[in-house]
Protein chains: 2
Amino acid sequence: MIIYSNFITSESKDSLKTYENHYLVCENGIISGIFKVLPEKYKNLQITDYSNKIIIPGMTDLHIHAPQYSFRGLGMDLELIDWLNTYTFPEESKYNDIEYAQKAYSSFVKALKNSSSTRACIFATVHNEATIMLMDMLDKSGLITFVGKVNMNRNCPKSLCEIDAQTSIDNTREWIESASKFKNCKPILTPRFTPSCTDDLMQMLGKFNLPVQTHLSENLSEIEWVSELCPDAENYADTYYRANLMGNNSIFAHCVYCTPKEIELLKQTNSYIAHCPQSNANLASGIAPIRHYLDNDINIGLATDIAGGANISMFRAITDAVAMSKLYMRLVDENAKPLSFAESFYLATAGSGSFFGKVGKLEKGFSFDALVLDDSKLENINDLQLTDRLERIAYHLEDRAIYAKYVNGIKI
Amino acid sequence: MIIYSNFITSESKDSLKTYENHYLVCENGIISGIFKVLPEKYKNLQITDYSNKIIIPGMTDLHIHAPQYSFRGLGMDLELIDWLNTYTFPEESKYNDIEYAQKAYSSFVKALKNSSSTRACIFATVHNEATIMLMDMLDKSGLITFVGKVNMNRNCPKSLCEIDAQTSIDNTREWIESASKFKNCKPILTPRFTPSCTDDLMQMLGKFNLPVQTHLSENLSEIEWVSELCPDAENYADTYYRANLMGNNSIFAHCVYCTPKEIELLKQTNSYIAHCPQSNANLASGIAPIRHYLDNDINIGLATDIAGGANISMFRAITDAVAMSKLYMRLVDENAKPLSFAESFYLATAGSGSFFGKVGKLEKGFSFDALVLDDSKLENINDLQLTDRLERIAYHLEDRAIYAKYVNGIKI
């Protein structure tokens with residue numbers, strides 16, 4: 001497949017590379033190269049012409065809750081723990097009803113498919129049947145995803161609480177078995193967060209050989225609670241580390257208040273941080289020290305965290321991350337240089353994407369995940385460079401700029 | 001005119017009132033009442049049916065720069081003073097060219113007309129001819145606006161600098177004279193901010209009997225600079241106060257770092273604060289202490305501050321104000337309770353609107369400025385109350401929900 005257009009990709013963590021009117025060649029879903037002049041050997045292949053459009057790598061949403069899509073943009077008046085008890089747990093309890101799940105997950109999958117995300121790491125609920133249904137819908141959507149049936153066996157309403165660790169593990173095994181049939185949607189272990197999971201459940205989950213997603217250090221009361229629940233753990237991160245749940249296949253959402261020791265653990269284990277800037281503002285959690293994580297070469301990506309975050313667009317996550325990093329510099333640490341647009345774009349594409357392998361750049365050897373963007377409806381009075389057009393899309397059109405979407409070389 | 005629909009308006013600073021399936025009667029642009037059962041005397045009038053829609057008061061953008069619309073969403077990497085010198089002043093210099101102004105202001109007026117704002121207080125540039133052209137376009141748009149030709153006679157590039165105070169005043173008189181022909185668009189004195197205006201210019205402006213708009217205490221370096229420029233002023237606010245520029249017809253944008261004495265001045269004089277949450281984040285200015293202003297009954301409204309703010313939607317300003325107030329509570333003052341959605345909605349409608357008189361509520365005696373909102377394209381899995389539908393529109397559809405718009409009883 002050959003595509004003629006304008007391309008923008010991250011070249012490094014803090015710089016963008018543009019290719020104006022170039023040819024991108026993709027073979028079996030993998031990018032073979034981007035050329036100003038099409039090499040002779042490709043001359044007979046058909047060219048898809050996206051002149052005047054802008055093509056960027058698809059984005060990876062590293063942390064999103066599928067069952068919470070149904071109450072996005074509502075209930076913005078509480079902090080984390082109260083928010084979970086008041087809005088989230090009652091809503092997630094409804095997914096025991098497969099008809100409700102069908103309706104709600106259809107709406108979520110449709111929205112995710114139309115969004116700027118080509119890949120995502122998704123929390124479902126504790127329910128096996130609804131989770132498999134969600135995975136089936138996602139598998140068919142063409143998106144590439146990890147989905148987790150949530151584990152929780154304490155501190156939650158009866159309707160969501162697995163009665164003991166062994167039951168939770170049995171459910172997990174059964175779910176993994178059922179999920180083995182999917183091609184584009186893979187299971188990821190999902191202990192909700194330490195307050196929801198007993199130590200023995202964590203230990204048992206640590207024996208699986210699967211990727212992991214969970215929460216870490218989002219909110220001050222949560223952190224305090226974890227220290228009460230796990231008095232023998234060295235810190236919050238240690239509640240996962242000692243259960244063998246940290247590593248380069250593990251994603252920790254938020255990390256707003258990590259201590260130096262926890263940051264060292266994240267780095268040592270090559271774990272991923274999912275930065276959720278809008279959610280951290282909406283739930284009054286705070287602002288994560290992203291400059292520090294970036295400069296320390298910790299694996300980090302961006303996420304919407306629906307419904308803590310109200311918006312499913314990763315463009316919005318990009319501009320929110322920039323804005324929040326400025327307030328962090330102003331209000332928390334004046335030495336923490338704000339994120340540039342290029343850096344935030346990197347986090348949403350290559351940063352998050354690397355969790356899936358060679359994903360998130362338009363570069364030889366990478367999967368061709370891409371968004372074809374149309375900004376013709378934006379009135380630009382002045383001539384703009386390609387990167388300016390992209391920045392303006394991020395601030396103004398967000399996902400409404402999407403003209404076409406490719407995942408692994410396939411138009412979805 | 002009679003409209004049948006669902007109505008939501010502020011009842012007080014922190015509560016919303018809803019009218020489900022009611023009749024609103026409007027006579028000569030003024031609301032006569034909202035009725036469950038239409039009174040006999042109106043029975044013969046024609047009814048406009050907006051069933052299933054939601055009607056809210058039109059919003060007033062209390063601070064927006066028309067010439068900066070052309071670079072909205074670009075140049076987000078600098079703080080105020082560098083941002084002015086690098087992006088803003090070069091762009092504003094172009095409005096000396098009336099052809100450029102024509103093109104750029106057409107685009108701005110079209111955008112404002114399609115936005116959630118029914119009224120606005122607008123900065124133009126220092127140029128009389130372009131400013132009159134802008135006012136002419138706005139006058140014809142049906143929106144009700146104040147527009148200011150900017151005064152600036154120091155610390156700016158030659159292309160924008162009026163050579164002395166008297167020249168600036170002469171230009172101002174000439175502009176006011178030319179603007180007297182407009183009906184919906186009125187002149188407002190606009191000394192850019194203290195660093196741009198000499199003391200004598202301020203004094204001379206204070207002798208006009210017109211409303212005033214300017215900036216106050218946006219950025220730490222700016223505040224430091226003002227104290228150097230005006231060593232004899234008691235504080236930044238005093239540079240306006242001593243020139244007779246404060247009062248209930250004066251708007252001060254930002255007020256991020258006002259001291260107790262300045263806050264006292266703002267309150268004493270019944271001056272207005274224009275809160276610009278997104279701009280204050282984008283330019284790394286900080287977060288204004290809105291809870292404090294609200295609780296002290298200071299006149300305050302919301303604003304987009306294009307292009308410090310990237311988005312022209314007042315819905316976005318509402319949700320940004322809520323989010324920023326949460327971060328203020330978390331990072332600056334734990335006693336400052338975050339804004340509720342109802343409070344932020346109040347700021348955007350009744351708070352800002354009161355600068356124009358009885359504007360910003362759907363209540364007997366108020367101007368019928370209104371937005372008819374259509375949220376049918378939002379998939380709502382659960383039944384939602386009217387106020388939930390409104391909150392979701394604010395977070396998800398923003399101005400894209402606008403189905404029709406009324407100003408002073410006229411559909412525009």
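With a cut-off of 11 Å between beta carbons, the residues surrounding B:Asp374 carry a summed charge of +3, where Lys and Arg count +1 and Asp and Glu -1.
Around the amide H of A:Asp14, modelled in the peptide plane, lies no amide H under 5 Å away from a residue 5 or more places distant or on another chain.
Segment A:Asp199..A:Glu129, full-extension length gain: 22.6 nm, with 0.36 nm per residue of separation and the alpha-carbon distance subtracted. Taken along the Cα-to-beta-carbon direction at a fixed 7 Å, the label points for A:Gln166 and A:Tyr4 span 6.7 nm. For region A:194-205, the Karplus equation 6.51 cos²θ - 1.76 cosθ + 1.60, evaluated at θ = phi - 60°, returns couplings of 3, x, 8, 10, 5, 4, 5, 5, 4, 4, 5, 5 Hz by residue, with Gly and Pro reported as x. For region B:1-103, trypsin sites (Lys or Arg not before Pro) meeting the loop criterion (DSSP other than H, G, I, E, B) and having at most 16 other Cβ atoms within 10 Å: B:Lys13, B:Lys36, B:Lys43.
No solvent, one uniform scatterer per C-alpha: report log10 I(q)/I(0) for region B:59-356 via the Debye equation at q = 0.06, 0.08, 0.09 1/Å, two decimals. Debye intensities relative to I(0), on a log10 scale: -0.16, -0.29, -0.37. Would you report the distance distribution of C-alpha pairs in region A:119-174 as whole percents per 10 angstrom bin, up to the bin with the largest distance? Each 10 Å bin holds this share of Cα pairs: 24, 48, 23, 5. Of all DSSP-defined beta bridges confined to chain A, some 40% are antiparallel rather than parallel. Short-range pairs are left out: with C-alpha atoms under 8 Å and at least six residues apart, the relative contact order of chain B is 21 percent. Distance from the C-alpha centroid of region A:370-405 to that of region A:187-210: 41 Å, rounded to the whole angstrom.
Taking the Cα centre of each part, how many Å lie between region A:12-53 and region A:298-334? If you average the Cα positions of each part, the centres end up 31 Å apart. Taking one equal scatterer on every alpha-carbon of the protein assembly as shown, how large is log10 of I(q)/I(0) by Debye at q = 0.04, 0.07, 0.09, 0.11 1/Å? Ignoring solvent entirely, the Cα scatterers give -0.18, -0.54, -0.89, -1.26.
Maximal additional length on extending the A:Glu363-A:Asn296 stretch stands at 21.7 nm, based on 0.36 nm per residue less the C-alpha distance. Among beta bridges from DSSP that stay inside the protein assembly as shown, the antiparallel ones total about 40%. Compactness of region B:274-363 is given as radius of gyration and Dmax, 12.5, 38 Å, from Cα positions. Chains B and A together bury roughly 4100 Å² of accessible surface, counting both sides and using a 1.4 Å probe on protein heavy atoms. Remark: relative contact order (region B:1-132) = 25 percent; criterion is Cα-Cα distance under 8 angstrom and separation of 6 or more residues. The loop-placed trypsin sites (Lys or Arg not before Pro) in region B:138-232, going by DSSP, that have at most 12 neighbouring Cβ atoms within 10 Å of their Cβ come out as B:Lys181, B:Lys183, B:Lys207.
Put simply, the Cα atoms of region B:318-364 extend 40, 16, 16 Å along their principal axes, the longest span coming first.
The angle between the Cα long axis of helix B:314-331 and the longest principal axis of the Cα atoms of chain B comes to about 70 degrees, rounded to the nearest 10.
Taking a Cβ cut-off of under 13 Å around A:Ala101, the surrounding Lys, Arg, Asp and Glu residues balance to a net charge of -3, with basic ones at +1 and acidic ones at -1. Considering only chain B, the C-beta nearest to the rotation axis that sends B to A is found at B:Leu331, 2, the distance in whole Å. Calculated on the Cα set of region B:122-216, radius of gyration then Dmax: 12.6, 37 Å. For A:His215, neighbours were defined as the other residues whose beta-carbon sits under 12 Å from its Cβ, and their charges (Lys and Arg +1, Asp and Glu -1) total -2.
The values are calculated or read from the model by the stated rules, or taken from the named source; none is laboratory data. No experiment lies behind these values; they were computed from the predicted model shown. Using ideal geometry, Cβ is built from the backbone for each residue, glycine included, and neighbour counts are taken over all protein chains shown. Calculation scope for accessible area: heavy atoms of the full protein, side chains included, ligands and nucleic acids excluded. Shrake-Rupley method; radii C 1.70, N 1.55, O 1.52, S 1.80 Å.
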